[in-house]
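The values are calculated or read from the model by the stated rules, or taken from the named source; none is laboratory data. As the structure is a prediction and not an experimental result, all values here were calculated from the model. Cβ coordinates were reconstructed from backbone atoms using ideal geometry, including for glycine residues, and neighbour counts include every protein chain displayed.
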Amino acid sequence: MSRFRHGRDARRRLVIRDDTNLKLDPITIDTPDGQTWDGLALIPKGGDPQRRRVAVIVVHGSVGNYITGVPRRVAHGLALAGFTVLSVNTRMANYGVFFGGGLFHRTPIDMDAWVDLAKRMGHTDVVLVGFSMGASIVTYFQATRHRPEVVAVGALAHPASLPDSLRRRWERFGSQPDYETVVRDAWLMIGGIAENDALDDEIFIVRRATGPTDEPAHAEIWTYRTWWFSRGPQAHAAMSRRHIGRLGVPLAMIQGADDLIVPPSDGEELERLAREGGVPDVFHSVVPGANHVFDGRLGEAVERLVEWMDRVVMPTVEERRHAARAGGDAADGASPEV
């Protein structure tokens, strides 16, 4: 018997369940540097109108994209809870790091465009939610851009530092080449210049990067530039410990207790740094038994995100709207200058 199903039944099984309650719109954005990225809008057809007015932008992890794995399921869960969701790609999606375009420090260009789109759609209150590397992307974006539309940041499996996470993994499996060798080779290739735009670049392969064998499944592919700007020792943009204290908006982190890629100590460090930096509300929750991709436990992680949204984000949104109405009333009643 065939393992595959065709037609409408296949779409319903492979895309999302219960999608009759949602309007699904494929979307794209263009960035000022001439790039085009894909996304998917998930818009509830009913439910709480206040929740629908909040746009949640969900950002993928490494070599991921907007309709696979954790981002797809998180986006679906939040949309079924009644929030408008944009699950989006950035230049780090898919094979960006293989082909040279996946430069982490330029992801704020992409995130600006997605927030602009949410604003054009009528959403003045935006929540950023990132998974793994996506958590690093949204943290760096908010800490450096401080977009007024962003009211909160959520993260799942948030690494304290992408370079440190990769170095630990390579050391655990005995990568070939090792981390220091790639540092040397990347420095020689790009000249160690922080904003290097030179066309000189090469693809390289690291064996035993994600597992203990020489099988292709345990290898990683990078270009020297994409590696240097997201996993190199000077990839400061990809080190959330440097930025998380400057978010200026409420933060939620949902971590996995059994995550071998992002250990619980990363969440503890980021929580401490966020509080020390004056982040107005920090929610740090650890899901028992959850690995890096929350296998079998993602529903619980999404439930915790929704509870945080109701407890922290929605009151913040209401306060902002009340202040905006009060400001409008005051302006309407102001006496003209003489």
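Quick check: anything in segment 293-300 in a loop (DSSP other than H, G, I, E, B), of a type outside the set (D, E), more than 24 Å from E171 (Cβ to Cβ) and out of contact with any helix residue (DSSP H, G or I) (no Cβ under 8 Å at 6 or more places or on another chain)?
Of the residues in segment 293-300, the ones in a loop (DSSP other than H, G, I, E, B) are 293-297.
Within this subset, residues satisfying the condition of being of a type outside the set (D, E) are 293-294, 296-297.
The next check asks that each one be more than 24 Å from E171 (Cβ to Cβ); those that pass are 294, 296-297.
Within this subset, residues satisfying the condition of being out of contact with any helix residue (DSSP H, G or I) (no Cβ under 8 Å at 6 or more places or on another chain) are 296-297.
So far as segment 293-300 goes, yes, one or more of its residues are in a loop (DSSP other than H, G, I, E, B), of a type outside the set (D, E), more than 24 Å from E171 (Cβ to Cβ) and out of contact with any helix residue (DSSP H, G or I) (no Cβ under 8 Å at 6 or more places or on another chain).
Look at segment 302-327 and say how many of its residues are within 11 Å of R51 (Cα to Cα) and surrounded by 15 or more Cβ atoms within 10 Å (Cβ to Cβ).
Count: 5.
With the requirement that a residue be closer than 18 Å to I29 by Cα and surrounded by 20 or more Cβ atoms within 10 Å (Cβ to Cβ), what does segment 77-95 give you?
Hits for segment 77-95 are T84, V85, L86, S87, V88, N89, T90, R91, M92, A93.
Given the criteria over 16 Å from the mean Cα position of the chain (by Cα), more than 22 Å from V153 (Cβ to Cβ) and among the small types (G, A, S), does G248 qualify? Show your work before the answer.
On the way: over 16 Å from the mean Cα position of the chain (by Cα): yes; more than 22 Å from V153 (Cβ to Cβ): no; among the small types (G, A, S): yes.
Judged against the criteria, G248 is not a match.
Looking at P216, P212, which one is closer than 20 Å to T181 by Cα and either in contact with a Phe, Trp or Tyr (Cβ under 7 Å, 6 or more places away or on another chain) or surrounded by fewer than 19 Cβ atoms within 10 Å (Cβ to Cβ) (or both)?
None of the other options fit; the residue is P212.
Does H284 satisfy being in contact with an Asp or Glu (Cβ under 6 Å, 6 or more places away or on another chain) and assigned to a strand (DSSP E or B)? Explain how you work it out, then say what you get.
On the way: in contact with an Asp or Glu (Cβ under 6 Å, 6 or more places away or on another chain): yes; assigned to a strand (DSSP E or B): yes.
Considered against the rule, which asks whether it is in contact with an Asp or Glu (Cβ under 6 Å, 6 or more places away or on another chain) and assigned to a strand (DSSP E or B), H284 comes out as yes.
With the requirement that a residue be more than 18 Å from H76 (Cα to Cα), in contact (Cβ under 8 Å) with a residue 12 or more places away in the chain and of a type in the set (V, I, T), what does segment 25-56 give you?
Of everything in segment 25-56, those that are more than 18 Å from H76 (Cα to Cα), in contact (Cβ under 8 Å) with a residue 12 or more places away in the chain and of a type in the set (V, I, T) turn out to be I29, T31.
Just to be sure, is R168 more than 24 Å from A217 (Cβ to Cβ), modelled with pLDDT of 95 or more and surrounded by fewer than 21 Cβ atoms within 10 Å (Cβ to Cβ)?
Numbers: more than 24 Å from A217 (Cβ to Cβ): no; modelled with pLDDT of 95 or more: yes; surrounded by fewer than 21 Cβ atoms within 10 Å (Cβ to Cβ): yes.
Spelling it out, it is not the case that R168 is more than 24 Å from A217 (Cβ to Cβ), modelled with pLDDT of 95 or more and surrounded by fewer than 21 Cβ atoms within 10 Å (Cβ to Cβ).
Any chance segment 277-286 includes a residue that's within 26 Å of V312 (Cβ to Cβ), among the hydroxyl-bearing types (S, T, Y) and crowded, with 22+ Cβ neighbours inside 10 Å?
No, segment 277-286 has no match at all.
Kindly indicate the residue of segment 171-187 that is modelled with pLDDT of 95 or more and buried (at least 18 other Cβ atoms within 10 Å of the Cβ) and also farthest from H123 (Cα to Cα) among those meeting that condition.
Only one residue tops the list, namely S175.
Scan segment 129-136 and tell me whether some residue there is out of contact with any Gly (no Cβ under 9 Å at 6 or more places or on another chain) and either among the aliphatic types (A, V, I, L, M) or surrounded by fewer than 24 Cβ atoms within 10 Å (Cβ to Cβ) (or both).
First, the residues of segment 129-136 that are out of contact with any Gly (no Cβ under 9 Å at 6 or more places or on another chain): none.
Checked against the condition, which is being out of contact with any Gly (no Cβ under 9 Å at 6 or more places or on another chain) and either among the aliphatic types (A, V, I, L, M) or surrounded by fewer than 24 Cβ atoms within 10 Å (Cβ to Cβ) (or both), segment 129-136 yields no hits at all.
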